[in-house]
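The values are calculated or read from the model by the stated rules, or taken from the named source; none is laboratory data. Owing to the predicted nature of the structure, the values given are computational and were not obtained by experimental measurement. We place every Cβ from the backbone using ideal geometry, glycine too, and count neighbours over all the protein chains shown.
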Amino acid sequence: MTANDRYESHLSTRYASRAMSELWSDMRRARTWRRIWTALAEAQKAAGLPIAEAQIAGLKAHLDDVDLAKAAEWERRLRHDVMAHVHTLKDQCPEAGPIIHLGATSCDVTDNADLIVIREALRMIERKLLVAIARLRAFALAERGRPCVGFTHFQPAQITTVGKRATLWLQDFVLDLEELRFAVSTLRFRGLRGATGTQDSFLKLLGGDAGRVRELERDFAARLGFTELIGVCGQTYTRKQDARVLNALSAIGQSASKMAGDLRLLCHENELEEPFGKEQIGSSAMAYKRNPMRSERIGALSRFLIILAQNPAHTAATQWLERTLDDSANRRLALTEGFLAADAVLELVLNVTSGLVVRGNVIARHVREQLPFIASEEILMHAVKAGGDRQELHEVIRTLSIEAHERVKEEGLPNDFLARAEAHPVLGPVVRAMGDALAPERFTGLAAEQVEAFIADRVDPLLLSVDVGGVGDEVRV
């Protein structure tokens, strides 16, 4: 049977980056376990246990040459994945066999290994999120002053700018970065706790000296790059950590889906488009189609990610006493698929933000079509200042607007609201006096200034010490 003859996750084969897929692979897991056993032996030797340098050297010599087939063979016999790898490693370096996994329980290996991978995966996600923020920053600044029609309820409302709209997306991703960094900064190593978290096995190994146990654990954690340890645990670290991590990934999916949804709407309006390949086909039947397939895929994968975040929440809520095993199979799926999905979403976000196409002439035409209605509020204010009755003139403007709307919608003719208003005895002088004051740029408020202020205050400090070059998007299909 080949890989094409059985189902494989589309996240790993089609959507996520190769680097993220490799990080969650069986090989990476097995190699991480071996590093944990090596760090454990080194820390135990430093703590005074009779472990020979040759035994540690044997472990170090076989950190990466894992025989997964042999491990699978052992697991079929033993029905225990950790012990299968213990025996596989012992077969390769028999001199270290007597001290591999000494005093440890399975979760001293598996939980710590998961946390090592989670931390590395979070840093990979953080890196890509920073690049997405940098690209949106550049786009928002470049387009901060371009007037466009703003929508509420997807109905024309007021004039905003293309850059201000992009800054709404940018702000969401900045919030996601804050949440992601919180998840990274509060991630705690499980350490060496034994079968139910009491550290009894390590206490006995070290002659009942609690201080030596604590020093052993700190040394072990430091060798694996951790300084912060979880306060207390049962056999497993609290699954609340997994829930916190997946919530941070879900937040990225929420922001990406919002941006992608907006892009799909704007693509329909012919105002903004995602990159489109020279030979890209939009439809097998309709050769003229330019479907926003990347944005659509962002929406699809984000939906999967958002829903997936419920899994670790339910797992955390249903743990029994010091440990139950119904977390294991679920975590293998939820953590792996969650990170692969978040990675895939960000790969698409990077691709889209690297080549957004602005259709300036279409945007300007839409502004011209809606500006007469949008300007009516200012016309009303000036007319009242000139002595008109606010309520009477409001009704006049409402009536003229409806008539102009009908002309646009029913007859497909240009918006003639201003001409109708100019013909009115009270509104006419105001419209004529405004003249060039009806330029679109006058109706964008503080949009451009808001873009500049947000980027200066919130975005630029994030990017000051970060090299955002060298990260390429990896959209496979």
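Condition first: modelled with pLDDT under 95, in contact with a Lys or Arg (Cβ under 9 Å, 6 or more places away or on another chain) and over 17 Å from LEU249 (Cα atoms). Can you find one or more residues in the stretch 326-339 that meet it? Yes, some residue in the stretch 326-339 is modelled with pLDDT under 95, in contact with a Lys or Arg (Cβ under 9 Å, 6 or more places away or on another chain) and over 17 Å from LEU249 (Cα atoms). Return a yes/no flag: does the stretch 422-429 have any residue that is surrounded by 21 or more Cβ atoms within 10 Å (Cβ to Cβ), over 30 Å from SER255 (Cα atoms) and either within 48 Å of the chain's Cα centre (by Cα) or of a type outside the set (D, E, K, R) (or both). Yes, the conditions are met somewhere in the stretch 422-429. LEU203 meets each of the listed conditions (1) on the phi < 0 side of the Ramachandran plot; (2) out of contact with any Gly (no Cβ under 9 Å at 6 or more places or on another chain); (3) outside the structural domain of ASP242 (by TED's automatic domain parsing) apart from (2). Scanning the stretch 351-366 for residues that are surrounded by fewer than 20 Cβ atoms within 10 Å (Cβ to Cβ) and among the aliphatic types (A, V, I, L, M) yields LEU356, VAL357, VAL358, VAL362, ALA364. Return yes when ASN351 is touching a Pro at 6+ places or on another chain (Cβ under 7 Å), assigned to a helix (DSSP H, G or I) and among the polar types (S, T, N, Q) and no when it is not. Spelling it out, ASN351 is indeed touching a Pro at 6+ places or on another chain (Cβ under 7 Å), assigned to a helix (DSSP H, G or I) and among the polar types (S, T, N, Q). Residue pairs whose Cβ atoms lie under 9 Å apart, separated by 6 or more positions or on different chains, with the first residue in the stretch 89-100 and within 14 Å of THR38 (Cβ to Cβ) and the second β-branched (Val, Ile, Thr) and outside any helix (DSSP H, G or I), are LEU89/VAL66; LEU89/ILE100; LYS90/ILE100; GLN92/VAL66; CYS93/ILE100; ALA96/ILE51; ILE99/ILE51. When PHE154 is tested against the conditions (1) modelled with pLDDT of 95 or more; (2) hydrophobic (A, V, I, L, M, F, W, C); (3) farther than 20 Å from ASP242 by Cβ, the lone failure is (1).
Taken over the stretch 301-345, the criterion of being in contact with an Asp or Glu (Cβ under 6 Å, 6 or more places away or on another chain) and β-branched (Val, Ile, Thr) is satisfied by THR315 alone. LEU102 passes every criterion in (1) out of contact with any Pro (no Cβ under 9 Å at 6 or more places or on another chain); (2) of a type outside the set (D, E, K, R); (3) within 18 Å of ARG223 (Cβ to Cβ); (4) surrounded by 16 or more Cβ atoms within 10 Å (Cβ to Cβ) apart from (4).
Just so you know, in the stretch 407-429 the residues that are small (Gly, Ala, Ser) and without any contact (Cβ under 8 Å) to a residue 24 or more places away in the chain include one that is farthest from LEU393 (Cα to Cα), and it is GLY412. Being closer than 22 Å to ASP460 by Cα and crowded, with 21+ Cβ neighbours inside 10 Å holds for only one residue in ARG190, ARG127, ARG137, ARG181, and it is ARG137. Residues in the stretch 143-162 that are farther than 15 Å from LEU272 by Cα, touching a Phe, Trp or Tyr at 6+ places or on another chain (Cβ under 9 Å) and either buried (at least 19 other Cβ atoms within 10 Å of the Cβ) or of a type in the set (Gly, Ala, Ser) (or both): ALA157, ILE159. For SER302, the criteria (1) assigned to a helix (DSSP H, G or I); (2) without any contact (Cβ under 8 Å) to a residue 12 or more places away in the chain; (3) surrounded by 14 or more Cβ atoms within 10 Å (Cβ to Cβ) hold in every case but one, which is (2).
Every condition in (1) more than 27 Å from ARG146 (Cβ to Cβ); (2) in a helix (DSSP H, G or I); (3) not acidic (Asp, Glu) is met by SER465 except one, and the failing one is (2). Annotation note: of ALA433, ALA439, the sole residue that is of a type in the set (Gly, Ala, Ser) and free of Cβ contacts under 8 Å to residues at least 12 places away in the same chain is ALA439.
ARG14 passes all but one of (1) touching a residue at least 60 places away in the same chain (Cβ under 8 Å); (2) within 25 Å of ARG119 (Cβ to Cβ); which number fails? Every listed condition holds for ARG14 apart from (2).
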